[in-house]
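Written out below as structure tokens is the structure these notes cover.
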Amino acid sequence: GWRRRHARPTMPVIPAIGFAACGLATLVALSLGNLPGLAFLQPNEQLHMRGLSDIHVKNGPGIATYLPLVTRARKRNGVKLDETQYAVVRNSLTAEEVTIEGPTLYFLRPHEVLVAGKHGSDLRTKIVLEKQEYIRLRDAKSGNLRQVHGPATVVPSPHETVTSREPQRALKLSDLEYVIVTDTLSGAERLVSGPALFFPQSAYERVGEALHKRPLSELEYTVVTDTLSGSKRVVQGPALYAPASPHDLIGDTSHAFELKQHQYVKLLDSATGGVRVMRGEAVIFPAA
């Protein structure tokens, strides 16, 4: 008798091939990743390669190759700076320093290193000035000063330091105040009268304390002396008097003579010794 033979089912071949290919690709990737002289770099990575006589860098993303027997290689991240930060970079060969402003991802060049700030951090914070603020910066190499008014975001150059711990505020002068400003280079002085929001015109101006103008009623006067020439003059009220120049010295406030019809007063001129008689009815202001 004949026996009916049934065909045995066979396993599909395609999945097996797929698994084999996937496993091979993984093995190849792992092998390549561990190969000396080969480095896979992410977008934020850099390979620093120090050879026998030179230094090279390769920035990601990508693959970097090098000779492992004569090259010491290490990965490092780029310097990430946001909008409020900056960094100072020094070339170790030339000692030249430059400022890098954020926002950026900065890759150091072959001979560059980050310079730490006074607080030990590689990343520094920009100086933000409000509308009524200003700062002064001194360059340690040249000795020069510069002044920056707000509103502004300030990034000092590598050799600049701020002369004050905090930003300085503009001097707000009321209509009753004035201030004397001195140029520390030339010694020249000038007077600024309020009302005003005063910023120094340069980094070399020294601002004095706010002084009060002299209020004079209609029966009051004061004697003003020019300290340079020695000349004097009388300022009569009513007035809110501020000196015409920084060299004016304001005397005490005095009261005028109010003479009735049958009164008089004798006035002595201390310079010439002359005497003059003034009769009422009148309001008499002595001469200087």
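The values are calculated or read from the model by the stated rules, or taken from the named source; none is laboratory data. Source: prediction; values computed, not measured. Note: ideal-geometry Cβ built from the backbone for every residue, glycine included; neighbour counts use all protein chains shown. We work out accessible area using only protein heavy atoms, side chains counted, and drop any ligands, DNA or RNA first. Shrake-Rupley method; radii C 1.70, N 1.55, O 1.52, S 1.80 Å.
For the chain, which whole percent of the accessible surface, found with a 1.4 angstrom probe, sits on carbon and sulfur atoms?
For the chain, the apolar C and S fraction of the accessible surface comes to 54 percent.
Picking from V148, L197, T161, whose Cα lies most toward the positive end of the charge dipole for the range 118-204 (charges on Cβ: Lys, Arg +1; Asp, Glu -1)?
Result: T161, furthest along the dipole toward the positive end.
Quick one: angle between helix 14-33 and the longest Cα principal axis of the chain, in degrees between 0 and 90, rounded to 10, please.
50
Give me the distance in nm between label points sitting 7 Å out from Cα along the Cα-to-Cβ direction at T99 and A244, one decimal.
Going by the 7 Å Cα→Cβ label model, 4.5 nm.
Compute the FRET efficiency between V162 and E218 as 1/(1 + (r/R0)^6), taking r as their Cβ-Cβ distance and R0 = 51 Å, and round to the nearest 0.05.
Taking R0 as 51 Å, the efficiency between V162 and E218 is 0.50.
Within 10 Å of each candidate Cβ there may be at most 14 other Cβ atoms; applying that plus a DSSP loop requirement, which GluC sites (Glu not before Pro) in the range 91-122 survive?
For GluC sites (Glu not before Pro) across the range 91-122 that sit outside H, G, I, E and B with at most 14 neighbouring Cβ atoms in 10 Å, the list reads E96.
Which of the GluC sites (Glu not before Pro) found in the range 197-288 are loop residues per DSSP with 13 or fewer other Cβ atoms within 10 Å of their Cβ?
Hits after loop and neighbour filter: E209, E218, E281.
Using alpha carbons only, how many angstrom separate the centre of the range 232-263 from the centre of the range 129-149?
One Cα centre to the other: 42 Å.
Just want the answer: with Cβ charges of +1 for Lys and Arg and -1 for Asp and Glu, which residue in A210, V283, Y221 is farthest toward the dipole's positive end in the range 200-288?
V283
Over the chain, what is the relative contact order in whole percent, taking alpha-carbon pairs under 8 Å and six or more residues apart?
8
Measure up K141/K172; K75/K118; K58/K126 against 32 Å on the Cα-Cα distance and list the ones that go over.
Exceeds cut-off: K141/K172.
Quick check for you: with a 1.4 Å probe and neighbouring chains kept, what is the accessible area per residue of the chain, in Å²?
Spelled out: the 1.4 Å probe surface of the chain, per residue, equals 69 Å².
Hey, got a sec? Which trypsin sites (Lys or Arg not before Pro) in the range 215-275 land in a DSSP loop and have at most 11 other Cβ atoms within 10 Å?
Passing sites in the range 215-275 are K260.
Working out 0.36 nm times the residue gap between T65 and L185, then minus their Cα-Cα distance, what length gain in nm do you get to one decimal?
This chain segment gains 37.3 nm when fully extended.
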